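All of the numbers you see were taken from the coordinates with simple rules; none came from a lab. Just so we're clear, the structure is a prediction, and the values are computed from it rather than from any experiment. FYI the Cβ positions are ideal-geometry reconstructions off the backbone, even for glycines, and counts take in every protein chain you see.
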Amino acid sequence: MKAIVCTRYGPPDVLQLRELETPAPKQGEVRIKIRATAVTSSDCIVRSFDVPMAMWVPARVVLGFTRPRRPVLGMVLAGEVDAIGHGVSSFNEGDPVFGFDRFGFGAYAEYKCMPAAGVLAPKPSSLSYAEAAAIPYGGLLALYFLRKGEIRSRRRVLVYGASGAVGTSAVQLAKHFGAEVTGVSSTRNLGLVTSLGADAVIDYTKDYFTEAGALYDLVFVAVGNRVKPPSRAACTRALAPGGVYVAVDQGRPTLFADDLLLLKQLVEAGALKPVIDRSYPLDQMADAHRYVDHGHKRGNVVITVG
């Protein structure tokens, strides 16, 4: 099978197209013929080893010392089940699926095996494979952190970084939970954020929400520290009494297949839609990483496979 291999830590050019042996599913696993994947910010962090210096040693122990221990990156996928391991009854050959393998990686390839009991679910019937691949990363992380912020009891929610993969999902999900949503983004993305249902938008290149006087029950920073978001102390100044601050760089999210099923239902109900900035074929993976590295993508960058 064709796969993109991360040959060492470094710039996008370390990603090379290689021919690898097609994996066979083990007990409890399914093999998926991948039709689409996505380049996430997490993929780029692993590829470049862009982690704080204080985390270098533990990160290299976990990921690999000179190159990723799992050289085929890629966390999200959409495709078809094409082989089933012993003991699997939840999926059948030919089932269209989408999923998220946060620690196993391996989605930058034509085939991948993953546990049938993992974060894997039937693909939303209303979406293409490319569109389905744009849902799991941003959708699951947004759902996790909004719940961490007790979204159901938060009336006024601010999403900083509302035009990214996590942010576009967070705006839509917060609206689904009944919140009044303010999205913060750059000038060129204000229209996009409004189209996703935001009740108000703030252009961070012109205005600082922390100094505007408005107070929020939940402030969600939906971008990582690589893009230098406002500090926690600054965000706290915009919180109403009893308000909560959450950020994607806080903690280690726990993700579940049931939540992926919820996202599927929301997509099919029209409450959640994928946002795709650009699409690249598998053999242009380095170009896709270069684009994501710039830090200004809108929603998701999708990779078509096969």
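At a glance:
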item: Loop sites in the range 1-86: GluC sites (Glu not before Pro), DSSP, at most 16 other Cβ within 10 Å; result: GLU21
item: Largest-first ellipsoid semi-axes for the chain, taking √(5λ) over the Cα gyration tensor eigenvalues, angstrom; result: 32, 22, 17
item: Where labels lie 7 Å past Cα in the beta-carbon direction, separation of LYS206 and ARG69 in nm; result: 5.0 nm
item: Sequence of SER128, SER231, SER169 once ranked by neighbouring C-beta atoms within 10 Å, starting from the fewest; result: SER231, SER128, SER169
item: Share antiparallel - DSSP beta bridges, the chain, percent rounded to 5; result: 55 percent
item: Pairwise centroid distance, computed over Cα atoms, of the range 40-100 with the range 237-303, Å; result: 16 Å
item: Cβ-based exposure ranking for LYS264, LYS112, in which fewest neighbours within 10 Å come first; result: LYS264, LYS112
item: Residue order, fewest to most surrounding Cβ atoms within 10 angstrom, among TYR208, TYR216, TYR144; result: TYR208, TYR144, TYR216
item: Difference of contour (0.36 nm per residue) and Cα-Cα distance, PHE103 to LYS228; result: 42.5 nm
item: FRET efficiency estimate (nearest 0.05) - Cβ-Cβ, THR254 to ARG60, R0 35 angstrom; result: 0.90
item: Relative contact order (%) - criterion: Cα under 8 Å, at least six apart; region: the chain; result: 21 percent
item: 14 Å Cα cut-off, lysine pairs counted over the chain (separation 8 or more, or different chains); result: 9
item: Cα pair distances of the range 185-306 binned at 5 Å [whole percent]; result: 2, 8, 13, 17, 20, 19, 13, 5, 2, 1, 0
item: Degrees separating the helix 136-148 axis from the principal Cα axis of the chain, which is the longest one; result: 40 degrees
item: Positive-end residue, the chain charge dipole about Cα centroid, Cβ charges, pick of ALA83, GLY10, SER163; result: GLY10
item: In the range 95-159, the GluC sites (Glu not before Pro) that fall in loop regions by DSSP, at most 14 other Cβ within 10 Å; result: GLU150
